[in-house]
Amino acid sequence: MSRVYPFDEAATARAVIGDDGTLTEWNEGARRLLGHPPAAVLGRPAAELLADTDPPAPPSGARWAGTVGLRHQDGRTLSVWLLAHRRPPHDGRPGDWLVVTPLAGPPSPAGGDPLTEAGLLQSPCAVAVYDDRLRLRRMNAAMAEIVGLPAERVRGLRLPEIGGTPQNEELEQGMLRVLTSGRPLDMQTFLRAGGEDRAHAWLARMAPVRDAAGRVRGVCLAAHDVTDSHRARQRLQLVNEAGVRIGTTLDVTRTAQELADVCVPALADFVTIDLLDPQEYGGEPPARVTPPVRLRRAAHQSVLPGVPEAVIKPGTAEEYPAFSPQADALTAGRTITTSVAAGDMDQWLDWHPERGERVRQFGIHSSMSVPVRARGLTLGVAVLTRHRRPDSFTADDVLLAEEITGRAAVCIDNARRYSRERETALALQRSLLPRSLPHTAALEASSRYLPAARAGVGGDWFDVIPLSGMRVAMVVGDVVGHGIQASATMGRLRTAVRTLADIDLAPDELLTHLDDLVVRLSEESGGDGAPGEAGSPGEVGATCLYAVYDPVSRRCALARAGHPPPVVLRPGGVPQVLDLPAGPPLGLGGLPFESAEVELPEGTVLALYTDGLVWSRERDPETSRELLHEVLGACADSLDETCDRVLHTLLPTGGAPDDVALLLARTRGLPGSQVATWDIPADPALVAPIRKQVVEQLDTWSLSEASFTAELVVSELVTNAIRYGARPIRLRLIHDAATLICEVSDTNHTAPHLRRAKTFDEGGRGLLLVAQLTQRWGSRHHPEGKTIWAELPLFEEDR
C-alpha cells in the first residue's frame, strides 16, 4: 500500500525481503546507511549484506528485532539494530519481510518543548508523540509495552515501520489528517500488542500538539484497549443485524447471500454458503450426511471487491471429500475450526491445489465451518475464513457464528419449503393453463401468464375456445387467493367454462351457471364455521370476463362478473375501455348478469387482463390503465411483441405483487363469398332443389369432392327442420381452408337427440348418419329459436 507524504522518506533505512530471501525494495535511507545503490542489491540475496560469520537464525514469528553486522559498500562492517516485520499475503500481494532501522533519532527533548510537555509519560494510558514528519519523538512505558520494543530503539521511525501492518498505515493516514487539519480524530482498529498472537480492538485518539504560537508541531496518539466492550457490542449488534437483514424474502439464494453479507466483515473476511441439493436425498434434506458430500454454492462474500478468494461461482456444485472442513463439520454435526499454521487443512489443500494456491495468495490463516441445520435437517454448511484480520477464531466467535447461522437456517428452510410449494403450485397452474392457443379463422391471439413475485401463484387463467359456426370464445378469470388451492379452483372453473361454452350458452347465461358452481365450491370447502371465519362458506370467490366473437357478423357478445373491462382498439382509432355492465363477482349467488353486444371491425385488437396487470404499489390503477392504453396505441403487428411490451412497461422490475394473465386478440372477418344462405319453404317436396343448389355452390367454391357428404347432411337437417321445426327455416353454408359448416335454423326451441333406431323402426337414423359423416355436430339456442350445425373436414384431395 503506497502512500505519498510531504516528509523525508530517507530518515529511515528500509528494505523489503521476499520469501525467497531476495531484496525487492531498497530505499534512499538504506543507501545512505550502507552505501549500496538500489541497482547493486535489488534481486540479490539479502544474506550477501551480512558481515557476520555466524548470522542470526531465521525469525520464526511475525516480528524480529536485534543487532547484526552489515557490510558497507566500502568494506566496513556496521553494527546495526534492525526491526523486521513479517507481512503475510494481503489483497493478492505475496508475503515478505519489512526490515527498518532509524538512521538518526530526533534530538533529545529540551525544556519548554511542547512535544515534551504533551506526553504524559507517567500515565497508565499508552501515549506516543510524533513530530511534524510523523516520526516518533517520545512514548511512555505503557505504549512501549504495547509496541513490545524499547522506546530508544524505535525513536525516529514512522508508525508503519514500527508496526509493519496495513492497519498501522491507516492510522498514519489519520495522523496526517490531524497534522494538516489541526483537528482531533478518533479511529478504531485491530492490532496485535507486542509479543501477542491475538489482535486487540484499539481506540486511537489523535490530537494536534501546538506550540505557544498555536502552530501544529506534531500529533499526540493515545491508545485505549477496548477489546472486551467492542466485542460484546459487536456480538449484540451482529445478532440484531442478522435478525433484521436475514430472511427478508422467501428466496433460498437471497437468504444465503444475506447470511454471507452479515458475516463480512464483522466476523470474517471471506464467507461461503454451500447447500445440499434435496433432489439427491429424495426431495428432502437429510438429518445426517456421510462423505463425500455434494454441495452447491449458494452465496459468498468477501472484504475484497469481486470475491477473488472464491474458487467456484454461485450455482456451481462440487463434491467435498471426508477430510475437507465442509464434510467434517457436516459429518460431526458441529462447528469445526481449523488453522493453516497448525496443519489442519494440509490434506485438503494438497487434494485441491487451486484452493491451496488461493490460501497462500491471500494469506488465509483460519477457517470455521458451521453446519446449517434447522428442524433436525441438514441444509448445508457456512465456511468463514480470515486473512485480513490477523487473529484466529475464538470460542466466542464460534458461539456467535452458530447463533447467526441457526437463525439463517430457519429462514433458509422456510424459503426452501415455500419454494417447493410454489414450484408445485406453479407446475399445477401451468398444467391447467392452455399450452398453446388454438389457430382459428376468427382471430389471432397471444397470451402471457406471470405468477406473483412473492405471494406465489394464484388463480388467474385465460382461454380461447373454438365454437360452432366459426365463432370463438375468449375468457379471462381470477380466483381469489394464492397457492395450490387457488390453482385447483382455477382448474375446476376453467373446465366448467369449456363445458358450458361447448353447449353454446350466451355469455350472461354462462356466468350464471359459473356463479352457481362457485357457490357450491364455497359450500363444499366451508365446513361448519361461521361466516367470515376460515373455512366458512363464501371463502371461494372469483371474477371472470367471457366474450364470444362471430367472424361472419363481426359482432362480439360480452359479459363480466366483477372483472376489469376489456380495452378495445379499432383500426385507425385509439384504445378505449369497453363499456360493459359490471356484474357481481362469482360466488355471491342469486344476482343477475347482463350481456352487451358490440361490432368489432376486422383488425380490431381486444385486450383482456386480470387486475394484477394494473395494480401496483408504484402507481395507482388509473395511471396503469393509461400506460396500457399508450402501449396498445403503439400496437405492433406482432401480438407477441405487444404482450412483452405491456408486461415490461406496467410491471415493476422485481416482479408483480399479484399474478397476471393477459390475452390479446386481433379479430378477423369471414368474407361474404365464403358464406351462402337460403330461406327454406316448409315443403318437403322442395328439399331436392335445395340439395341441387348446395351442390352448385360447392362447385363454385371448388369443393366438389365434398358434395356427396354435404348433400346427405343438408338433406337430413333440412328434412328434420321441415318436419319438426317451425318457420322460418334457414340454411347456411360456411367454409374456410379446412372446414365446411352446414347450419339449419328454425324458431322451434326443441332440440333433436341422437338415438339408435330399432330394427323395425322406419326412421330415427338420420342424426346417427349425420354424426358418422361429420367431424362433429351439435345444436345451439338463441332468442329466435335454435340452430343445428355440422362440420365436415376438408382434406387436401377435397380442394
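We did not get these values from a lab; they are worked out from the coordinates using the rules stated. This is a predicted model, so every value here is computed, not measured. Cβ coordinates were reconstructed from backbone atoms using ideal geometry, including for glycine residues, and neighbour counts include every protein chain displayed.
Projected onto its three principal axes, the C-alpha set of the range 594-673 covers 51, 33, 19 Å, listed from the longest axis down. Each Cα pair under 8 Å and six or more residues apart adds its separation to the average, and for the range 435-667 the resulting relative contact order is 26 percent.
Could you work out how much longer the chain between Leu712 and Leu627 gets when fully extended? Use 0.36 nm per residue separation minus the Cα distance between them, nm to one decimal. Don't jump to the answer; show the numbers that get you there.
Values: separation 85, 0.36 × 85 = 30.60 nm, distance 5.51 nm.
Full-extension gain reported as 25.1 nm.
For the chain, relative contact order (Cα pairs under 8 Å, six or more residues apart, normalised by length) works out to 7 percent.
When you restrict to C-alpha pairs under 8 Å that are six or more residues apart and normalise by the size of the range 114-225, the relative contact order lands at 29 percent.
So what's the projected area for the range 9-102, the Cα convex hull averaged over all directions, in nm²? For the Cα atoms of the range 9-102, the hull's average projected area reads 6.1 nm². For the range 114-225, the gyration tensor built on C-alpha atoms gives a prolate shape. Its axis ratio a/c (a ≥ b ≥ c) is at least 1.5, and a/b is the larger of a/b and b/c.
With n ≥ 4 as the cut-off for DSSP H runs, can you work out [θ] at 222 nm for the chain, using -39500 (n - 2.57) per run divided by the number of residues, rounded to the nearest 500? Display every interim value, and only then the final one.
Working: 20 runs with 245 residues, N = 799.
Mean residue ellipticity at 222 nm (helix-derived): -9500 deg cm²/dmol.
About its Cα centre, the dipole of the chain is roughly 2080 debye, where the only charges are +1 on Lys and Arg Cβ and -1 on Asp and Glu Cβ. Convex hull volume per residue, computed on the Cα atoms of the range 230-422, equals 109 Å³. Taken over the alpha carbons of the range 435-667 as equal point scatterers, the Debye sum produces base-10 log I(q)/I(0) values at 0.15 Å⁻¹ of -1.00. Taken over the C-alpha atoms, the chain has Rg and Dmax values of 43.1, 142 angstrom.
This model, with +1 at the C-beta of Lys and Arg and -1 at the C-beta of Asp and Glu, gives the range 435-667 a dipole about its Cα centre of some 480 debye. Taking 0.36 nm per residue of separation and subtracting the current Cα-Cα distance, fully stretching the chain between Ser339 and Ser704 would add 122.3 nm.
Protection proxy ranking of 675-684, 484-493, by the mean of other Cβ atoms within 10 Å over each peptide's residues and highest first, is 484-493, 675-684.
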